[in-house]
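This report concerns only the one structure given below.
The values are calculated or read from the model by the stated rules, or taken from the named source; none is laboratory data. Given the structure is predicted, the values throughout are model-derived calculations rather than measurements. FYI the Cβ positions are ideal-geometry reconstructions off the backbone, even for glycines, and counts take in every protein chain you see. SASA here: full protein model, heavy atoms, side chains in, ligands and nucleic acids out. Shrake-Rupley method; radii C 1.70, N 1.55, O 1.52, S 1.80 Å.
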Amino acid sequence: MEAPTAPQAPMSPQDALRRVGFLLERARESPYRVAAFRRAAEAIRLVPEEELRERAAAGTLKQIKGIGDSSAAIIGQALRGVVPAYLATLEEQHGAPLSWDGAELYAAVVGDLHVHSNWSDGGSPIDEMVLTAVELGQDWMALTDHSPRLTIANGLSRERLAQQLTHVDAINATLAGTFRLLKGIEVDIHLDGTLDQDPDMLDQLDVVTASVHSKLRQPAYEMTARMLAAVRNPRTNVLGHCTGRLVTGGRGKRPESQFDAEKVFRACLEHDVAVEINSRPERQDPPDELIELARDLGCLFSINSDAHAPGQLDMKLLGCERAERHGIPAERIVTTWPVEDVVAWAKG
Ligand SMILES: [Zn+2]
Ligand SMILES: [Zn+2]
């Protein structure tokens, strides 16, 4: 995966609008503001460039539904072959790489096993997530929306998951092998360690990421048993954000769940489950000492974005920085593998 760089002028008005959306997401701006620019990009998708030029000259761009003052200015400047002023400001503030370290490993990461769309609590449609992943140089990613019990995150019922799978097939058909969207889920781990989706539905997926989202402060012996049961489930492939901690950010801080990490990671090793390195800055999960424990035990890892918007997909650079710092070899990170190997591993 190439380190994401700012597109150079001249760029199409549509690319300029989408890049603005990407940078606003990275800046954690309101989803409504982001959506306005993505809507504008969509609004001009089928308008011939000639017509856009005529409208820009006549000042009638805003007559196109979905185009406001800011997007009209961006379109006009992009058509003149200059980097739009608003985009230039955003590039300056938010366009730099998220980390200066980890770039070598990031270049080797070609996939992602933890991504959300607006089918659950993400902010963007699936195809926008895919398009951005392609632009970032990724080869594949798994769509892992939430499971039914997580109603607060609009978790997918059995029926909605079935619908989504049809949708994923349709998207893959349009990609013609240039990129592969895997069928996945971020399935909630129940208190008794069972998974929050019917086994026959899980069997239809390429990959299953399992995470704890409730009762994070239960006693260590209970949490250990809960996680062991999930890891031993033959359908589980990745253990998501294992401590549940929050270290910074708008949602405040949350301490690490207590559990016997050595037991849990040994089970991961035995059952061929990858330990997620969750790249979100507010999570940074697992903590350093647990990454080292899993490394020393010989576990597989999965560097994931847990992106809820296209502008968060390249947060994987932050996970790469941590993995590199702890000396995790690239071949033990499943998100550096070709998609066929990942699918074979997950089904094996
Ligand atoms: Zn989660
Ligand atoms: Zn998630």
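Restricting attention to the stretch 279-313 and to residues that are open to solvent by less than 10 Å² (accessible area, probe 1.4 Å) and more than 16 Å from ligand 2 (Cβ to nearest atom), the residue that is farthest from Arg28 (Cα to Cα) turns out to be Cys299. For Asp121, indicate whether it is under 25 Å from the mean Cα position of the chain (by Cα), within 16 Å of ligand 1 (Cβ to nearest atom) and surrounded by fewer than 18 Cβ atoms within 10 Å (Cβ to Cβ). Yes. With the requirement that a residue be among the aromatic types (Phe, Trp, Tyr) and within 19 Å of the chain's Cα centre (by Cα), what does the stretch 15-62 give you? Selection gives Phe22 alone. Taking the conditions (1) in contact with a His (Cβ under 8 Å, 6 or more places away or on another chain); (2) surrounded by 20 or more Cβ atoms within 10 Å (Cβ to Cβ); (3) over 15 Å from Arg332 (Cα atoms) in turn, Glu276 satisfies each one other than (3). Residues that are in a loop (DSSP other than H, G, I, E, B) and either among the β-branched types (Val, Ile, Thr) or in contact with a Gly (Cβ under 7 Å, 6 or more places away or on another chain) (or both) were ranked within the stretch 295-324; the one that is nearest to ligand 1 (Cβ to nearest atom) is His308. Which of the residues that make up the stretch 89-118 are open to solvent by less than 40 Å² (accessible area, probe 1.4 Å) and more than 30 Å from Glu159 (Cβ to Cβ)? Listed by number, the residues that qualify are Leu90, Glu91, Gly95, Ser99, Gly102, Leu105, Tyr106, Ala108, Val109, Val110.
Kindly indicate which of Asp196, Asp188, Asp203 is within 13 Å of ligand 1 (Cβ to nearest atom) and farther than 23 Å from Pro255 by Cα. Can you show your working first?
Numbers: Asp188 fails: farther than 23 Å from Pro255 by Cα; Asp203 fails: within 13 Å of ligand 1 (Cβ to nearest atom).
Answer to the check: Asp196.
In the stretch 240-253 there is at least one residue matching the filter, namely being closer than 25 Å to Ala96 by Cα, of a type outside the set (Val, Ile, Thr), open to solvent by less than 40 Å² (accessible area, probe 1.4 Å) and under 23 Å from the mean Cα position of the chain (by Cα).
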